[in-house]
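Structure provided below as structure tokens; questions to follow.
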Amino acid sequence: QRHIVRLLSCPGTVAEDLRRDEQPSGSVETGFEDKIPRKRFSEMQNERREQAQRTVLIHCPEKISENKFLKYLSQHGPINNHFFYESFGLYAVVEFCRKESVGSLQNGTQTPNMAMETAIPFRSRFLSLKLKNQTSKQSCIQSSNQLPPSNRKLFELLCYAESIDDQLNTLLKEFQLTEENTKLRYLTCSLIEDIAAAYFPDCVVRPFGSSVNTFGKLGCDLDMFLDLDETRNLSTHKTSGNFLMEFQVKNVPSERIATQKILSVIGECLDHFGPGCVGVQKILNARCPLVRFSHQASGFQCDLTTNNKIALTSSELLYIYGALDSRVRALVFGIRCWARAHSLTSSIPGAWITNFSLTMMVIFFLQRRSPPILPTLDSLKTLADAEDKCIIEGNNCTFVHDLNRIKPSGNTETLELLLKEFFEYFGNFAFNKNSINIRQGREQNKPDSSPLYIQNPFETSLNISKNVSQSQLQKFVDLAQESAWILQQEDAHRPSVSSNQPWGLAAVLLPSVPNRGSLTKKKRKRSANERVKNLLESLKSNRTANFTETNEK
Ligand code: GTP
Ligand code: MG
């Protein structure tokens, strides 16, 4: 099978380019530098989008010969790469070398003939492979995993780690989006773009949020942005002489109403014609109107918005921060998991802190280190050139886009120290009078009485954590203090083989229990195997019940 794939592969693929361009950055080596992108955000997005347009999603029979499957598809042209995954059945993601191959495959594809129901004809790139006769007996297909590790496995890995730094890097490695999962996210956007293109032929559906900002965990939602800029701007280039041609259009009283109308028809379209789109909800009265649905085949919970350019810019800013230093993502993943394990965050909207706010808090904390690990947004603005200039709805969103122009930090603090200091810092932060502001990288007086005030980096008069209640903030502070205390205890360090206690990061991920101090002081002489066995057993108990909710959605 490898042989076939190699034969069919194009030389110098985008994937190879990406690997070549991924350079280590930052001053501390963690072994995960290869995951840190050095490409410009727009470059990365365009390449991935182009890849996705050459890709098809195929629902396969359980018993299939991979060799024959690839040979059958390669009639339509060489295949660049492929992978299989399971989600209520077996699926294949197949990326051709050339876009024409997709058209050729579609031309040889038929609309199913159903006995009891009627198919709504729709030629998409989401296909189903049927076996004419059940000849393939054996299936030895390797599926790519799209799910985060179980808590049991995670705990085991954390307990075996060498140090707290090692634990945080392990957590990052286990939870971060894989290459395959990222491909599936771009492919899903591309499939939705095909549907939206029925109305808006020049539209682009772009992923944003944690799917692209380097902070996404396996299982996180897929935020999509329907970009109609091309449709809007086409007319501006076509002037000649004394004449100006404009499209005849319908007018509505506001931008918000236009957004609602567009999303309403796209929502209907997804609901009626979108293969694999289920549970479509139009949430048009929200502050940021959206269409929410499940893309069954990929397993993603999708939120589609439009007219939301600032969110895409925020994603790019976070992408830059995530790429600047290898410690940033490890710390953000650690804090996000910690918050989820203690129910500080939730998949349901409410008075809790969001992952977006938590990421801002980590960035702010890293800006406050001495010397700083991350630059302020204002200094990224200073590094910008004319090309980087960006004004969205009157807000100055300018910052440097070329990662290579930002000087790496000289700070060499370990992740262990940073984790402890994060809890210490926010366990003692004057939330009652100060606000968090990554633009200037320093505390400022709060402009209003919201319990938690984190300035929106681009719409600077807004607070991104306005929803957070005093009691949720207090819970965060209490847990931060408790976690700082746990990490300061001697027993939080990796115990010798003789202890069966969770230590370091594993200890702060467990729900708080009274008298934990005395619990952690008990030391028992046990073999390494016995220690793990006991730990696994303790996972079944109520004490770890909350922790089992670590997985996001
Ligand atoms: P997950 O929890 O992993 O989905 O993280 P996320 O960063 O994707 O968060 P979410 O899906 O809630 O939001 C998607 C994106 O919308 C974020 O990355 C931000 O760019 C933006 N966003 C979310 N919440 C806010 C907010 O309160 N204010 C602003 N300005 N942007 C927000
Ligand atoms: Mg999201």
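We did not get these values from a lab; they are worked out from the coordinates using the rules stated. Because the structure is predicted, anything quoted here is derived from the model rather than measured. Every residue, glycine as well, gets a Cβ built from its backbone with ideal geometry; the counts of neighbours run over all protein chains shown.
Please list, in chain and number order, the residues 5+ apart from Ser128 or on another chain whose amide H is under 5 Å from its amide H, with Hs placed from the backbone.
His59
With 10 angstrom as the radius, rank Ile348, Ile257, Ile192 by how many other C-beta atoms surround their C-beta, starting from the fewest.
Ile348, Ile257, Ile192
Sorted by mean Cβ packing within 10 Å, highest first, what order do the peptides 482-489, 145-152, 166-173 take?
Ranking, from highest mean packing down: 166-173, 482-489, 145-152.
Can you compute the equivalent ellipsoid semi-axes for region 111-252, i.e. the square root of 5 times each eigenvalue of the Cα gyration tensor, sorted largest first and rounded to whole Å?
42, 29, 12
In which sequence would Ser343, Ser315 go, from the one with the fewest C-beta neighbours within 10 Å to the one with the most?
With the sparsest Cβ surroundings first, the list reads Ser343, Ser315.
Cα centroid distance between region 364-419 and region 437-494, in Å?
The distance from the Cα centre of region 364-419 to that of region 437-494 comes to 20 Å.
For the residues Lys250, Lys381, what sequence is obtained by ranking on other C-beta atoms within 10 Å, fewest first?
Ascending number of Cβ neighbours within 10 Å: Lys250, Lys381.
Here is the link list: Lys71/Lys183; Lys39/Lys407; Lys173/Lys475; Lys153/Lys217; Lys99/Lys183. Which ones come out longer than 18 Å on Cα distance?
Table pairs above 18 Å Cα-Cα are Lys71/Lys183; Lys173/Lys475.
Please state the charge dipole magnitude for region 42-200, taken about the Cα centre, from unit charges on C-beta atoms (+1 on K and R, -1 on D and E), reported in debye and rounded to the nearest 20.
Dipole about the Cα centre, nearest 20: 840 debye.
Let me ask something else. In whole Hz, what ³J(HN,Hα) sequence does region 343-352 give by Karplus (6.51, -1.76, 1.60; θ = phi - 60°), x for Gly and Pro?
Here the 3J(HN,Hα) series is 6, 6, 10, 8, 7, 8, x, x, 7, 8 Hz.
While we're here: As an exercise, identify the GluC sites (Glu not before Pro) in region 56-164 lying in DSSP coil whose Cβ has no more than 11 other Cβ atoms within 10 Å.
Loop-located and lightly packed - Glu62, Glu117, Glu162.
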